[in-house]
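One structure is given below, encoded as structure tokens.
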Amino acid sequence: MTRFIYKTFLFFLVVSFSFLAFIIFRKKTYDWSYSECAAYNYPMKILRNNISWGSGSTGTLRVTAGSKGWGHVGGGYVVGDRYKPVPDSLFVEWYSIPEHKFYTGRFKIDSNKLKRDLEKLSFAFIYPCFAPHGKITLFISGRIKGIKFDIHSDAGRFKSEINRFQAKED
């Protein structure tokens, strides 16, 4: 009987430590999607637009962006898991139609700032906005947790600039 109690105790001890390790070491994930934007009168053709974290990534389709304006989400993309970790890098390649130039860049994202903003939101879009001369601004926008979202006003809406980058001309 003592041996049975000992084995049962060991079993529960191993299960408890495994559960505790899972809670401590799992990566926090957030409900966000990826998009793009460009300034009005600055249409650009996206060739590659990928955002990455650890061993995962997501990206947008080859589209011409610029119809929504600066700082406004372009199209939403349902790609991969709904809940994803905080991204840490961005790779972009695009053709500037008005300038007749190609631009490319690989950048490190301020993950700490992005994580602070994601913590405030129930859902978010993360998106780079493309500007003339290879300039990029990474934005996050979404719905603030606990505030009723109103489509006709700014109630419950959030938008923040995460990083600014300079791409190289190809």
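The values are calculated or read from the model by the stated rules, or taken from the named source; none is laboratory data. No experiment lies behind these values; they were computed from the predicted model shown. Cβ coordinates were reconstructed from backbone atoms using ideal geometry, including for glycine residues, and neighbour counts include every protein chain displayed. Calculation scope for accessible area: heavy atoms of the full protein, side chains included, ligands and nucleic acids excluded. Shrake-Rupley method; radii C 1.70, N 1.55, O 1.52, S 1.80 Å.
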Query raised in the report: Given the conditions (1) open to solvent by 50 Å² or more (accessible area, probe 1.4 Å); (2) under 13 Å from residue 37 (Cβ atoms); (3) modelled with pLDDT of 90 or more, which single one is not true for residue 159?
Result: (3)
Query raised in the report: For region 89-107, does any single residue satisfy the condition of being farther than 20 Å from residue 40 by Cβ and of a type in the set (Lys, Arg)?
Result: yes
Query raised in the report: Quick check, is residue 83 at pLDDT 75 or above, touching an Asp or Glu at 6+ places or on another chain (Cβ under 6 Å), closer than 20 Å to residue 122 by Cα and not basic (Lys, Arg)?
Result: yes
